[in-house]
Amino acid sequence: MALDISYTPPATGEKFMNSEKKMRVLMGPVGSGKSVTCSFEIIRRASMQKPDATGKRRTRAAVVRETARQLQDTVIKTFLDWFPPGVCGRYMRTTKTYFFEVGDVECEIMFRALDDADDVANLNSLELSFAWFNECRDIHPDIVDAMSKRIGRFPSSKDGGPTWYGMWGDTNPPTMDTWWYYQMEQIDPKDGVGTNDNGWDVFKQPSGRSAFAENVENLPDGYYDTQGRSEEYIRVFIDGDYGLSSAGQPVYKYFRPDYHMGKGSLRPISNGVRPIVVGMDLGLTPAAIIGQQDPRGRVLVYDEAVSFDMGVQRFVRTILKPLLYERFSGIPVIIVVDPAGVQRAQTDERSAVDIIKAEGLRVIAAKTNNVSARLSSVDDFLMRQVDGDSAFVVDPRCSQLKAAMMGGYRFHKKNGTIDKNKHSHVAEALQYFMLHVGSASDGDLLARRREIKTVSAGGWT
């Protein structure tokens with residue numbers, strides 16, 4: 001018996017699903033239904049597989065996202081919401097594997113994160129039918145190349161082989177100086193000539209402000225409101241246009257001092273439930289960012305501590321501890337540091353974490369040192385609103401952090417890497433702070449999803 005599923009994708013999503021190209025990208029603004037469309041594409045392709053000798057339609061898919069947190073909070077949450085375990089199959093949380101089983105359709109779906117060493121290692125040995133790169137603009141081209149050699153290998157030839165194989169991605173538009181931009185526009189990065197025919201089929205959704213905007217019926221009123229948004233944010237995440245080159249530009253291009261800086265001093269929450277979180281950058285120029293997440297979900301940055309030519313112990317004793325005692329006495333404190341802080345120094349065989357603990361402070365290492373994950377943890381809140389207000393608020397006393405976010409912390413003009421300068425330390429302290437207090441969850445939109453229309457898409461069985 002063939003799988004009987006009805007789903008109405010957005011107009012561009014339907015064209016995307018009906019394409020037979022082996023490599024496809026669905027690109028558009030936030031909230032346009034890309035992840036849901038790609039989730040259904042897995043099941044649609046699985047349902048099209050020819051039955052084997054036992055009468056089963058067996059396929060295997062990989063779903064790849066840059067970080068484990070993003071994978072869990074977005075794509076896995078979305079997939080499980082639409083295909084609940086116990087109804088459509090089984091989900092193994094320990095292995096992040098979903099066994100879809102409906103009728104004669106069986107599809108093993110493996111969710112993998114690129115900041116997990118085991119996940120990355122396993123990608124090189126997978127035997128797959130097809131693969132999906134969620135937010136593919138963040139995926140390194142080496143991973144894409146490696147995955148291209150793993151698709152089309154399941155089922156094996158002795159079991160009839162795959163009826164269709166390929167890989168696809170969904171994404172907000174990349175910037176115009178990236179590998180993905182050149183691939184999607186079929187441009188040779190060396191001379192700018194459109195001769196890079198790589199076989200990708202790109203489907204661009206209309207702007208969220210367009211009369212033809214997609215999936216708006218499933219979004220809250222005012223979702224595409226541009227108030228408080230930077231021009232670059234509007235360009236990429238609302239209008240769905242390619243971003244401008246990042247080389248030589250501020251790292252935090254979505255930061256607006258008139259929007260993200262508090263109008264007055266921020267008061268910490270001292271109910272004993274919400275700890276003060278201190279993000280700390282180590283080395284010979286330690287820096288710290290101090291803040292909380294309030295009950296509304298906003299991130300509040302209360303203060304900063306910066307130094308120059310000073311070891312960790314001296315910084316903690318003479319700068320950080322006095323500041324914590326003066327402003328945050330009686331509130332639990334947790335310090336989050338660079339993961340490298342657990343490594344022991346050659347001089348006294350103590351790590352930075354050991355030194356901080358010896359000062360009577362609770363300290364943990366950040367879960368990752370992945371640069372993209374660190375930057376995303378900040379950008380996610382810069383772009384977020386809570387009840388119409390900014391979800392990221394900085395106390396006016398944080399002058400060093402303000403200077404860093406306004407452009408002191410920036411990309412190198414020539415190679416696009418981040419400049420290491422006097423602003424880097426407080427900016428990286430913010431990243432470790434943000435990695436701990438929160439990250440984006442696009443899946444929240446699913447709770448506001450309207451009733452699904454049941455119109456069959458072309459080509460479904």
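All of the numbers you see were taken from the coordinates with simple rules; none came from a lab. Just so it is clear, the structure is predicted and the values come from calculations on it, not from any experiment. Here the Cβ positions follow ideal geometry from the backbone for every residue, glycine too, while neighbour counts run over all protein chains shown.
Starting from the 7 Å offset along Cα-to-Cβ, what nm value, one decimal, do you get for the label separation of D221 and I418?
The two pseudo-label positions are separated by 4.0 nm.
Over 22 Å between Cα atoms, which of K34/K149; K22/K149; K56/K77; K253/K402; K402/K422; K263/K402 qualify?
Numbers: K34/K149 25 Å; K22/K149 12 Å; K56/K77 27 Å; K253/K402 13 Å; K402/K422 13 Å; K263/K402 13 Å.
Those over the limit are K34/K149; K56/K77.
Along the Cα-to-C-beta direction of S265, a point sits 7 Å from the Cα; which residues of the range 397-427 have their amide N less than 14 Å from that point?
397-398, by backbone N distance to the label point.
For E127 paired with R327, estimate the spin-label separation in nm (one decimal), with each label point 7 Å from Cα along the Cα-to-Cβ line.
5.8 nm
So what is the relative contact order for the chain, in percent, with contacts set as C-alpha pairs under 8 Å and at least six apart? Walk me through the numbers before you get to the answer.
Values: 920 pairs, mean separation 87.8, N = 461.
19 percent.
So if each residue of separation counts as 0.36 nm, and I subtract the Cα-Cα distance between R153 and A211, what length gain in nm does that give?
Contour length minus the Cα-Cα distance gives 16.6 nm.
Taking the Cα centre of each part, how many Å lie between the range 6-28 and the range 234-310?
Spelled out, the Cα-based centre of one part sits 37 Å from the other.
Please report, in Å, the Rg and the Dmax of the range 21-128, where both are computed over Cα atoms only.
My reading of the Cα-based Rg and Dmax gives 14.1, 44 Å.
Under a point spin-label approximation (7 Å from Cα along Cα-to-Cβ), what is the T95-W164 distance to one decimal in nm?
2.7 nm
Over the Cα atoms of the chain, how large are the radius of gyration and the largest Cα-Cα distance (Dmax), in Å?
In Å, with Rg to one decimal and Dmax whole: 23.9, 74.
With r as the distance between the Cβ atoms of Q186 and K56 and R0 = 60 Å, compute the FRET efficiency 1/(1 + (r/R0)^6) and round to 0.05.
Approximately 0.95, to the nearest 0.05.
Multiply the residue gap between T318 and D258 by 0.36 nm, knock off their C-alpha separation, and tell me the result in nm, one decimal place. Don't skip to the answer; put the middle values down first.
Values: separation 60, 0.36 × 60 = 21.60 nm, distance 3.28 nm.
Net length gain for the segment: 18.3 nm.
Could you tell me which of F111, F130, N218 has its Cα farthest along the dipole of the chain towards the positive end, charges placed at Cβ (Lys, Arg +1; Asp, Glu -1), taken about the Cα centre?
Selected residue: F111.
For the range 93-166, compute Rh as the Kirkwood radius over C-alpha pairs and then the Stokes-Einstein diffusion coefficient at 20 °C and 1.002 mPa s; write the answer in µm²/s, rounded to an integer.
The diffusion coefficient I find is 159 µm²/s.
The range 389-415 to the range 44-93: how many Å between their Cα centroids?
Result: 40 Å between the Cα centres.
In Å, what is the Rg of the alpha-carbon atoms in the range 257-443, and how long is Dmax?
Every Cα atom of the range 257-443 included, Rg and Dmax give 15.9, 52 Å.
What is the fewest-to-most order of S307, S156, S270 by other Cβ atoms lying within 10 Å of their Cβ?
S156, S270, S307
Take the alpha carbon atoms of the range 124-171, find their center, do the same for the range 417-438, and report the distance between the two centers in whole angstrom.
Taking the Cα centre of each part, the range 124-171 and the range 417-438 sit 34 Å apart.
Two-decimal Rg/Rh of the range 11-213 from alpha-carbon positions, Kirkwood Rh?
Over the Cα atoms of the range 11-213, Rg/Rh equals 0.96.
So, R0 is 35 Å and r is the distance between the beta-carbons of D309 and S372; what FRET efficiency does that work out to, to 0.05? Present the calculation step by step, with values, prior to reporting the outcome.
Details: r = 30 Å, r/R0 = 0.86.
Result of the calculation: an efficiency of 0.70.
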